[in-house]
Amino acid sequence: MTALRRKDRPNPAMLGKSSLRSRLIKYRWLYLFLVPAIIWYIIFAYGPIYGLQIAFKDFKILKGIEGSAWVGMKHFNKMFADRTFIRVMWNTVYISLLKLVFIAPSGLVLALLLNEVTHKFYRGLASSITMLPHFFSWVVIGSILLEILSPSTGMVNAIIRFFGGKPIYFLGETNWFIFWVILSDMWESAGWNSIIFIAAIGAISPDLYEAAQLDGAGRWKQLIHVTLPCIAGTIVVVMVLKVGSMMNAGFDQIYNMYNDAVMSDVDIIDTYVYRLGIQSSKYSYSTAVGLFKNVINLALVLLTNKFSKMIGQNGLF
Amino acid sequence: MKKFLSLVLAMLLVLSMVGGALAEEKMTIKWLAALAPLEDDSWGEKAFEETFGVDVQIKRAESEDERAVIYASGDIPDYINMGNSLNAVANLVDQGILRPVTLDMIKENMPEYYAMCTALDPDFFTYGMVDGEIYAVPRYSATSAPLVGTIRADWLRKLNLAVPTTVEELTEAFTQFTFGDPDGNGVDDTYALTAGGGSTTSDWQRIYFPSIFGIYNVNPYYWTENENGELEFGFVSEGSRKALTLLADWYKKGLIDPEFVTTELRTSGTDVASKFCSGKVGYMDCLGFDDYEWDNDGHVSAKWVANSPEWQAFFSSTTDTKVLYQYDTTSDFSEALEAVGPYYINMNPVKDEEGNTGSYPLEGNVGAYLCFGATADDAKVAKIMQILNQEATDEETYMLHFGPEGIQYLKTEDGTRVFNPEYTNLPEYHPQGQILGVGWCLYPMYFSNPDLLTAVAGDRYVQRYDRVLPMFRAFPSFDNKLKASLPAAIEYPEATTTFVSNNIVKLVRGDISMDDWDKVVEDWMNNGGRELTEQANEWYATVK
């Protein structure tokens, strides 16, 4: 029975041998599903790579990409002499690391918690509610935070005052500001991040849990010895991807929350590039910064991928 | 058959030639304004095409990002309204998007406008220059006025204080405003002043305490002349050091609302004017003259009335505009206003510690830079200039800004135009006229001609332009001495903007001590300030 089933399934080893054409015909409907994604990548990910050359040119809109003069590494040299850039780079790394430590696991923790909820309707409701904030725009969340965190009229400080505390100007102090950046990002993204883990947990064979129960394992032991090891591969993939976006600390969020009091400490590469690129039309320079950022991101992905293989996991590729 | 075919071909040829001639007759102008009509073929667009005999193709962009997309597409508009930032003009010049014009072109195509502006300010047409060439026709702002310090008269009365005339008296009044319970509710819930740090605006000079810097005759974002006759950037001048020392001291004493960093400049329900009018603070200084007049419509006035039952009773007591718009703004205690209800005083600048008179920052006389796309030829530029000239100086054309008679304005029996009080209830109503396609959409020369400010008259506009505006303009004031765009300002865009605002906040809050002032100045010098100062003085030497 098992042997028969295996025969039906496309054997990965066999795929390489059958011709591409016969495979395309055989799985045409599956490949059709892939088409929109491929088109998206061509238009939005591979197409723009052509434009990256303006990082090495003095780009003028009217002259176009082709007509603008080559200037070599000029913009990169300027970047490393630009003290603001050095500062925003460290800000980015700092905020990203905090997010990596606190936010990346939040999706996993939420998925594990939801997994323990036995009531089906309640579990669905809880995961829907936690996922909802993902669809809110940061422009909206930003102004809500400004209102509820205000020391004079905000809800949070009203509670603090009620218990006899002194109001805190959350958005005016760097550490509090970063605290709320992390907390609001967690609130916004934990539900969404949990989806992939919920799916991975759902794929674990119930046989394993049964066997563990027979051996006398409680829920905690089942979590440690069944659930976590079974989704370890997923966890690693998610971590590799998160590390790979290390240089993105969340443009929308910071841009909609920061102010003059904390700006020098929370200004990140993306907000700086936005101000220069869009607001001051320095296209070449901001492209150079963006390119630099992506090179670092790629290097980090390769490194963590290698690392995950070293510790015996599959990694991304 | 052959004959027939050749006949058809000949006819086609003739037709196409006629068609070509017809198409040539009407020039198409691609128009990128501050605002765009919501839909094509609006009343304003048709009136524009009819009046000037051109085809206008409206470009739409609601933000700088969307404008950048239009430029990047290569389809460059012929007319581009660049708002009031000359650095933004210089950016586009650097990108090759704008074309220069000559003074002769302006003189030839805008004779009336040229005569009018140069009579008011002989150097006016040099203000749109970048790298020694004219890239913009500046729109004269006939309503430019200083940003004036405004104080709650009812609080002064309650605390038995005179209108402050010196910085010591001001400090005393501010201390009382904060700790003397000026609103009489028995709770320590008031501050003396706040600022609109939570806003993103291109009007940087308005954001942080302009009237307090004004005590020392500087604005941190304006260039000023120092005692050596050299240009100096306001933020690093001695005046700013004194103003910041004073502000840091006030902040330490708790006189300044700590939320001045995140308070909005105008829009929200907790913006500066809202805090002032609802009695959270007793002093404000970040808005223009037309926000203050007693008409229940100016930005401050409307909020003030909303917070005052007495003024609400007054404004609902009659529809007689002679009565409604009778009150002037005041720079001292006023019995007339006191008889109605609580009021505010637009005060004279106070004297500094050494007895020198202060002044207020004037928002310069360039309302906007009107520019021309690089792909527009001379004929097209000439036509656009003629259009702008006619809009600015011909009363009938000027009136197109308001749309057709009977909607936004009416004509009274004696022929004066008055605003239609029912306008806001009409389906054509839009605060910026974007439904009719009028207003700033196609008629940018509004407010440019001092003689036409009361083209739509009526008591309310006589109050605003004939009484309040002159009073504000009479306050001692100073302007930005730099009237050119510096190449270094393009290279270091943050040095004259974000760097300044970040550091003002830190110095006022004490995050950076005033003892480290020299370090802040040095930091500014190293981040582009040295180049900026050098270039500013090079330019200054050419005009002095």
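Observations on the model:
- Qualifying residue in region B:358-379 (condition: in a helix (DSSP H, G or I), farther than 28 Å from residue B:120 by Cα and outside the structural domain of residue B:276 (by TED's automatic domain parsing)): yes
- Qualifying position, being on the phi > 0 side of the Ramachandran plot and touching a strand residue (DSSP E or B) at 6+ places or on another chain (Cβ under 9 Å), among B:358, B:367, B:403: B:403
- Residue that is farthest from residue A:238 (Cα to Cα), among those in region A:170-216 that are in a helix (DSSP H, G or I), within 14 Å of chain B (Cβ to nearest Cβ) and touching a residue at least 12 places away in the same chain (Cβ under 8 Å): A:172
- Number of positions in region B:71-96 that are within 11 Å of chain A (Cβ to nearest Cβ) and of a type in the set (Phe, Trp, Tyr): 1
- Residue within region B:248-259 that is buried (at least 20 other Cβ atoms within 10 Å of the Cβ) and more than 22 Å from residue A:173 (Cβ to Cβ) present: no
- Qualifying positions in region B:441-455 - within 17 Å of the chain's Cα centre (by Cα) and surrounded by fewer than 18 Cβ atoms within 10 Å (Cβ to Cβ): B:450
- Residues located in region A:135-169, provided they are under 23 Å from residue A:106 (Cβ atoms), under 25 Å from the mean Cα position of the chain (by Cα), within 14 Å of another protein chain (Cβ to nearest Cβ) and surrounded by 15 or more Cβ atoms within 10 Å (Cβ to Cβ): A:142, A:145
- For region A:278-288, the criterion of being among the small types (Gly, Ala, Ser), at positive phi and within 11 Å of chain B (Cβ to nearest Cβ) is satisfied by at least one residue.
- Residue match in region A:113-134 (condition: within 27 Å of the chain's Cα centre (by Cα), part of a helix (DSSP H, G or I), among the small types (Gly, Ala, Ser) and under 23 Å from residue A:248 (Cβ atoms)): no
Okay, residues lined up against (1) of a type in the set (Asp, Glu); (2) on the phi < 0 side of the Ramachandran plot; (3) in a loop (DSSP other than H, G, I, E, B):
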site: B:248; (1), (2), (3): no, yes, no
site: B:251; (1), (2), (3): no, yes, no
site: B:279; (1), (2), (3): no, no, yes
site: B:293; (1), (2), (3): yes, yes, yes
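- Number of the exception - residue B:485 against (1) of a type in the set (Ser, Thr, Tyr); (2) surrounded by 18 or more Cβ atoms within 10 Å (Cβ to Cβ); (3) away from chain A (no Cβ under 14 Å): (3)
- Criterion (under 22 Å from the mean Cα position of the chain (by Cα) and of a type in the set (Lys, Arg)) met by exactly one of B:483, B:519, B:506, B:544: B:483
- Filter result (within 14 Å of chain A (Cβ to nearest Cβ) and among the hydrophobic types (A, V, I, L, M, F, W, C)) within region B:97-118: B:97, B:98
- Taking region B:510-533 as the range and being within 14 Å of chain A (Cβ to nearest Cβ), among the aliphatic types (A, V, I, L, M) and either in contact with a helix residue (DSSP H, G or I) (Cβ under 6 Å, 6 or more places away or on another chain) or outside any helix (DSSP H, G or I) (or both) as the test, the residues that pass are B:512, B:520.
- Considering only residues in region A:174-209 that are under 17 Å from the mean Cα position of the chain (by Cα) and of a type in the set (Phe, Trp, Tyr), the one that is nearest to residue A:225 (Cα to Cα) turns out to be A:197.
- Flag for residue B:536 being exposed (fewer than 14 other Cβ atoms within 10 Å of the Cβ), aliphatic (A, V, I, L, M) and away from chain A (no Cβ under 12 Å): no
The values are calculated or read from the model by the stated rules, or taken from the named source; none is laboratory data. Predicted model only: the values in this text are computed from it and were never measured. Note: ideal-geometry Cβ built from the backbone for every residue, glycine included; neighbour counts use all protein chains shown.
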